[in-house]
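Notes follow the structure.
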Amino acid sequence: MNNTLPQKQFSHLVELLQSRSTHIPEIPIYTFLLDGETQEIRLTSEQLDRQARIIGAKLQQITAVGERALLLYPPGLDYIKAFFGCLYAGLIAVPVYPPDPTRLQRTLPRLQGIITDAQPRVVLTSTPVLQMAEALFSQGKEWQD
């Protein structure tokens with residue numbers, strides 16, 4: 001197997017990812033350290049390309065090219081997949097950290113401000129963050145505005 005890419009200028013990240021997926025599919029493209037030091041999970045260019053295409057196709061079914069998508073993820077590979085999914089769908093990714101449950105007085109208004117400014121058409125997030133949001137919204141009307 002040849003572990004090199006063709007000598008070419010890529011016009012955007014999707015084109016680069018597609019080339020990597022075709023020419024060097026098994027090479028890890030992203031590594032995330034779960035514990036910050038040694039426990040890691042990896043994502044190959046082929047895995048990222050396949051998963052980003054799936055996300056991108058679903059996004060194309062529910063929103064239009066050029067719209068904004070809020071990426072509400074903790075650090076990790078899910079964020080990377082969602083970001084590239086947005087690129088495939090032609091959406092503008094708006095990355096933001098989820099609110100910290102121990103500091104909601106500070107982090108929730110920040111998130112609300114970003115949502116107000118960005119006016120995203122869609123929100124992509126993980127199951128744990130969605131469950132936290134549902135719990136917050138069920139607690140009272142002040143979180144639902």
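Brief remarks on what is shown
- Filtered residue count, the range 81-99, keeping only those that are more than 25 Å from THR31 (Cβ to Cβ) and either modelled with pLDDT under 90 or open to solvent by 60 Å² or more (accessible area, probe 1.4 Å) (or both): 2
- Hey, ASP117 part of a helix (DSSP H, G or I), of a type in the set (Asp, Glu) and either over 30 Å from SER19 (Cβ atoms) or open to solvent by 80 Å² or more (accessible area, probe 1.4 Å) (or both) or not: yes
- Among the residues of the range 30-41, those that are in contact with a strand residue (DSSP E or B) (Cβ under 7 Å, 6 or more places away or on another chain) and either among the hydroxyl-bearing types (Ser, Thr, Tyr) or at pLDDT 95 or above (or both) comprise TYR30, THR31.
- When each of ASP49, ASP78 is tested for being at pLDDT 95 or above, within 24 Å of MET132 (Cβ to Cβ), acidic (Asp, Glu) and buried (at least 18 other Cβ atoms within 10 Å of the Cβ), the lone residue that passes is ASP78.
- Residues located in the range 58-75, provided they are small (Gly, Ala, Ser) and open to solvent by 40 Å² or more (accessible area, probe 1.4 Å): ALA64
- Among the criteria (1) among the acidic types (Asp, Glu); (2) modelled with pLDDT of 95 or more; (3) farther than 21 Å from ALA118 by Cα, the one GLU67 does not fulfil is (3).
- Residues within the range 39-61 that are closer than 22 Å to THR22 by Cα, outside any strand (DSSP E or B) and more than 15 Å from the chain's Cα centre (by Cα), tallied: 2
- Filter result (more than 25 Å from ARG42 (Cβ to Cβ) and in a helix (DSSP H, G or I)) within the range 73-104: PRO101, THR102, ARG103, LEU104
The values are calculated or read from the model by the stated rules, or taken from the named source; none is laboratory data. Source: prediction; values computed, not measured. Ideal geometry is used to build each Cβ from the backbone, glycine not excepted, and the neighbour counts take in all protein chains shown. Ligands, DNA and RNA are excluded from the accessible area calculation, which covers all protein heavy atoms including side chains. Shrake-Rupley method; radii C 1.70, N 1.55, O 1.52, S 1.80 Å.
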